[in-house]
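A short worksheet on the structure shown next.
The values are calculated or read from the model by the stated rules, or taken from the named source; none is laboratory data. Here the structure is a predicted model, which means the values were calculated and not measured. Protein only, heavy atoms only, side chains kept; ligands, DNA and RNA dropped before computing areas. Shrake-Rupley method; radii C 1.70, N 1.55, O 1.52, S 1.80 Å.
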Amino acid sequence: MDGTATTAPLSPTVKAGWLDKNPPQGSYIYQKRWVKLDADYLRYFDSEKDAYSKRFIPVSSISRVASVGDQKFEVVTNNRNFVFRAESDADRNEWIRTLQQMAEERKSKALERMPMSPSADGATEPVDKCGFLELRGFKHKLFVAVAGDRVFLYKNAEDYRLGIGITYIEMNVGNVKEVDRRGFDLTTPYRIFSFSADSEQEKEEWVEAMRQSIAEALSNSEVAERIWGVESNRFCADCGSPHPEWASINLCVVICKRCAGEHRGLGPGVTKVRSLKMDRKVWTEELIQLFQQVGNAVANEFWAANVPPSEAIGPSSPSGDRRRFLVAKYREGKYRRYHPLFGNQEELDRALCAAVTTGDLAETLALLFCGAAVTCDTGDPRCPTPLALAQRSGQRLQMEFLLHNRTSGMGWPLLSPPPSMGLKPPELGCPQGVFEA
Ligand SMILES: [Zn+2]
C-alpha cells in the first residue's frame, strides 16, 4: 500500500528508492523498480505511486545481503536470490547496510520472542483460507491466502511455502461482490481484483472468507483509531515513528514495532507489550480510555523529562541505540521527573493511597514509578490495598492502571536514585526502586 494514498496504518518505510532489478531468465534488460523496505517486507513496485507490489520478500526470510560487483547487491533467501543495481556504490552500500541491519534485528527478535507474544508477521498469521484462484490479468492461476486482515497473492504454492509473494491486500479498504457463478470482485480504492474460483461452492467459500477478513480489519483498526484520536499517540513514544501499532499496557505508551521489539527484551516485569490491532481481548473500554487520558503525552512528561539530546533516538536509529535508550528510560528510570517524595517510602505510599481515589492519573503514575508500593498497606481494613481504595471511589481508570502494574518489577534490579539522593542520611529511608511493588 502506498503511504500517501491511504489513512490505513502502515509499517513505516525504513528505506525507499529506485533500483534496477536483474532481468528475469531469458532477458538481458534490467527493470527499473521502486523498492521499499519496512520492518516486515522488502517490496518492489512498477512505480512510486503503485499501491500493490510486484513482489514482496519477508525480511525474516533474508539470510544474507552481499555486494556483487559494480553498484550491485544480492539479497539471499533460503531458496532464491534477488540482485539489484543501485545508481552509485554509495547508494548500494547504504541499501546493504540498512537491509543487513533490519535482517539482523528480525533474527534477534525471533530468538527473543516469547510464546505469549503474538506474531507480528502478516505472513505467519494463521491462514483462514488458501488455494488456487484465477485472477484477471494473470496467465496462470495464483495461490491466494486469506490471513487475518490481509489477502496474500503468490505465483504458486511453492512461493507460498517460502513466503515470497506478489503482493498483499489490506482488507480494511476492501469490498467483495459476487459477479457470476464462479466469479467475484475484490474492490479497493486502488484496483479491482477479478477472481474466478473452480466451482460455485468454492466461490462462496472465498467470498465468505474475504468478507470475514474485511470485518476483522475494521474491528482491528477500531482500537487503534480511538487511541490515535489523541495527537501525541500518533507517534512512537520512544523514537517518534508515525503510526505506532504497539503499546506497553503498563507504562501507558504507544510505540512502534521496532521499539516494541526492544521493549520485549526488557521483560514483562518492566513493560508489557501488546498490539493495538491483534491483541483484541486486552483492550477493555477502561484501558482504551486510560490510553486516551494518559498515553504518550503524560507518560513522557514523566519518563522522558530529562533526555539529553545526545541520547535521544529517532525513527531510523539502529537496534543497539534503541536498546540502550529504552534500558535507560524504563529499566533505570534515568530520564524520569522525580517525584518530590522520592526516597520516602511511607510518604510515597500514603500519597498513592490518596491519589488513587482521585482522577489524577499522572500523579499515580509518578508515585508508582518513583517507588510507591502498589500493594502497600492502606491502614483501612475495609480497603486494605490501593486497588480497593480506587474501587470504592469508583476510579475505574486508576484500577485499570494498578491492575496492569501489580506485578511490575518482580525480579528486576532496583533503580538507582538520582545523584542528590545519595547524600541523604540513611534514616530518611532507603530509596526504593521504581518497580519494587
Ligand atoms: Zn519507536
How far, in degrees from 0 to 90, does helix 200-228 lean away from the longest principal axis of the Cα atoms of the chain, to the nearest 10?
-> 30 degrees
Take the alpha carbon atoms of segment 125-222, find their radius of gyration, then divide it by 2.2 N^0.38 Å using N residues; give the quotient.
-> 0.99
Of every Cα-Cα pair in the chain, the percent that sits beyond 33 Å | 44 percent
Phi-based couplings in Hz for segment 32-44 (Karplus 6.51, -1.76, 1.60; Gly and Pro marked x) = 6, 9, 8, 10, 10, 10, 10, 5, 9, 9, 9, 10, 10
Please report how many Lys pairs in segment 13-112 have alpha carbons closer than 27 angstrom, counting only residues at least 8 apart along the chain or sitting on separate chains.
-> 25
Pulled fully out, how much extra length does the chain show between Glu74 and Thr187, if you take 0.36 nm times their separation in residues and subtract their Cα-Cα distance?
-> 37.1 nm
Carbon plus sulfur fraction of accessible area for the chain, probe 1.4 Å, in percent = 51 percent
With Cα atoms, 0 to 90° folded angle of helix 345-355 axis to the chain main axis | 70 degrees
Considering only Thr364, Thr187, Thr167, give the residue with the highest GNM mean-square fluctuation for the chain, with springs between Cα atoms whenever their separation is below 10 Å.
-> Thr187
Got a sec? What order do His339, His140, His263, His243 fall in by accessible area at 1.4 Å, biggest, i.e. largest, first?
-> His140, His243, His339, His263
Could you state how much accessible area Glu400 has, in square angstrom rounded to the nearest 10, with a 1.4 Å probe and all protein chains kept in place?
-> 20 Å²
Cα-Cα pairs of segment 13-112 separated by more than 17 Å (percent) = 49 percent
